[in-house]
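Following: one structure in structure tokens, then a few remarks.
The values are calculated or read from the model by the stated rules, or taken from the named source; none is laboratory data. Fair warning: this is a prediction, and the values are worked out from it, not measured in the lab. So basically every Cβ, Gly included, is an ideal-geometry build from the backbone, and we count neighbours across all protein chains shown. All accessible areas refer to the heavy atoms of the entire protein, side chains included, with ligands and DNA or RNA removed. Shrake-Rupley method; radii C 1.70, N 1.55, O 1.52, S 1.80 Å.
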Amino acid sequence: MPIKNRFAELLPDITEWRRDLHEHPEILFETHRTSGVVAEKLRGFGCDEVVEGIGRTGVVGLIKGKGNSSRTIGLRADMDALPILEGTGLDYASKTPGAMHACGHDGHTAMLLGAAKYLSETRNFDGDVLVIFQPAEEGGGGGKEMVDDGMLDRWNVEEVYGMHNWPGMATGEFAIRSGPFFAAADQFEIVLTGKGGHAAKPQESVDTTVMASHIVIALQSIVSRNVDPVKQAVLSVTSFQTSSNAHNVIPQQVTLRGTVRTLDAEIQDLVEERLKTMVETQAAAFGGSAEVNYMRGYPVMTNSDEQTTFAADVAAKVSGSCHDAPLVMGGEDFAFMLNARPGAYILVGNGDSASVHHPEYNFNDDAIPAGCSWWTEIVEQRLPLAG
Ligand SMILES: [Zn+2]
Ligand SMILES: [Zn+2]
């Protein structure tokens, strides 16, 4: 059972949908056109129920199988684009300057639409399938909003599955791992206050620039000295802004910003606690004060063992084999759905493309038949018809 023949037939249509979405990227929760296109197509396919406005601009479609089972599984795609100026030069490049499908969510949406079309046509499964199209994966927590809106309870979704394209892996190939997979992505902002003054009279000031420089270096010791060396953590200070641009002023304030990535709740707690302690004590040591705002973002995305084994088996049937995926220090808000229900998230090869979030990235339409086949096999094998 490799690629389904139906997806060879549907490939031109699905490719056209993908390129139309690519041309009209929308950011965060502003996926109004995209959500409208998705809802219209789902209705056209004959989904039993299509509901818009879940998690603000999310859309779901319910497809009932042939049997009487009350089991429901959820298949999720993300729809949002990124605030990037497209540099692909494609004839279907973004028509909205400063917005671009640079993470392939156009491809994810098109593949799940293709799967929904097939499942509505064939219904060779016993139970219900909820196809879930979410906004705001790129930092807005659209997946959380859909869960908070009661989506999983409303349709009694028992398991959830997700997919992301992966540059650098051949199209048609898959990779997955059980347990923690994508990192928790937290942000911090540190405001250091000292005493501004004349740069030629440092003895009368509390120099926030020197204080902040020590703190940037000290923070690096959290990962190297406090975190168990066999566990993973990243702490990056990404912004260092003083309140003065002058050559002769010691700035009153410095603001530091950055991100923390962890794959384990204990390590996440440890890094947060150490960061606060380190900043406050260092600031005090230099005679200043610190305000630390530590903001937890997407939690660790953890694949369930049973569903991961199943998802890998299906991928191996579609593609011949399924690779072991690496740990990813990026964040993924499918984590909120996987925290609420068991399930699995898989990577599908995007071939030799630029990396996601690069202005020259493009989703590879050659991945569509494999992606759609995986989606539909998940359903037909997880909710098998009797006999
Ligand atoms: Zn992304
Ligand atoms: Zn993405």
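Tell me, what % of the accessible area of the chain is carbon and sulfur with a 1.4 angstrom probe?
C and S atoms contribute 48 percent here.
Please report the relative contact order for segment 1-158, taking Cα pairs under 8 Å with a sequence separation of at least 6, and give it as a percent rounded to a whole number.
33 percent
Treating only the Cβ atoms of Lys and Arg (+1) and Asp and Glu (-1) as charged, compute the dipole magnitude of segment 184-298 about its Cα centre; round to the nearest 20 debye.
So the magnitude is around 280 debye.
At a Förster radius of 51 Å, what calculated FRET efficiency corresponds to the Cβ-Cβ distance of Asp269 and Lys201, to the nearest 0.05?
Taking R0 as 51 Å, the efficiency between Asp269 and Lys201 is 0.75.
Under a Cβ-Cβ cut-off of 13 Å, what is the net charge of the residues other than Pro369 that fall near it, where Lys and Arg count +1 and Asp and Glu count -1?
Charge balance in the 13 Å sphere: -3.
Which of Met278, Ser205, Val227 sits closest to the plus end of the dipole of segment 184-298, meaning its Cα is farthest towards the positive end, when Lys and Arg get +1 and Asp and Glu get -1 on the C-beta?
Value: Ser205.
Quick check: pseudo-label points 7 Å beyond the Cα along Cα→Cβ at Leu327 and Glu306, how many nm apart are they?
2.7 nm
Within segment 227-244, which residues have the backbone N less than 16 Å from the label spot 7 Å out from Glu291 along Cα→beta-carbon, could you tell me?
Backbone N within reach: 241-243.
Could you order the peptides 310-322, 281-293 from most to least packed, using the average number of other C-beta atoms within 10 Å per residue? Write out the running numbers ahead of the final one.
Values: 310-322: 19.5, 281-293: 16.3.
The packing order, highest mean first, is 310-322, 281-293.
Could you tell me which of rounded, prolate or oblate describes segment 299-344, using a ≥ b ≥ c as the square roots of the eigenvalues of the alpha-carbon gyration tensor, with rounded for a/c under 1.5 and, failing that, prolate when a/b is larger than b/c and oblate otherwise? Let's see the in-between values first.
Working: a/c = 2.86, a/b = 1.59, b/c = 1.80.
It is oblate, given that a/c is not under 1.5 and a/b is not larger than b/c.
If you count only protein heavy atoms with a 1.4 Å probe, what accessible area per residue comes out for segment 184-298, rounded to a whole Å²?
Result: 52 Å² per residue.
Taking the Cα centre of the chain as the origin, how large is its charge dipole in debye, to the nearest 20, when only Lys and Arg (+1) and Asp and Glu (-1) carry charge on their Cβ atoms?
My answer is approximately 320 debye.
What does the extension gain come out to for His214 and Ala8, with contour length at 0.36 nm per residue minus their alpha carbon separation?
Working: separation 206, 0.36 × 206 = 74.16 nm, distance 5.91 nm.
So the extension gain works out to 68.3 nm.
Name the residue from Pro97, Val38, Ile84 whose Cα lies farthest towards the positive end of the charge dipole of segment 17-112, charges +1 on Cβ of Lys and Arg and -1 on Cβ of Asp and Glu.
Val38
With only Lys, Arg, Asp and Glu charged, each at its Cβ (+1 for the first two, -1 for the last two), find how big the charge dipole of segment 37-161 is about the Cα centre; round to the nearest 20 debye.
360 debye
How high is the FRET efficiency from Ala354 to Ser70, r the C-beta distance, R0 25 Å, rounded to 0.05?
On the way: r = 45 Å, r/R0 = 1.78.
Computed FRET efficiency for Ala354 and Ser70 comes out at 0.05.
Which whole-number percent is the relative contact order of segment 184-298 (Cα, under 8 Å, 6+ apart)? Each step should come with its number before you reach the end.
Details: 231 pairs, mean separation 51.2, N = 115.
This gives 45 percent for segment 184-298.
How high is the relative contact order of the chain, given as a whole-number percent (alpha carbon pairs under 8 Å, six or more residues apart)? It would help to have the intermediate numbers written out before the result.
Numbers: 934 pairs, mean separation 96.2, N = 387.
So the answer I get is 25 percent.
Count of lysine pairs in the chain with Cα atoms under 19 Å apart, counting only pairs 8 or more residues apart in sequence or on different chains?
6
Quick one: which of 256-267, 199-210 comes out on top by average Cβ neighbours within 10 Å, and what's the full order, highest first?
Put in order of decreasing packing, that is 256-267, 199-210.
In whole angstrom, how far apart do the alpha carbon centroids of segment 5-77 and segment 261-299 sit?
If we compute the Cα centre of each part, the gap is 41 Å.
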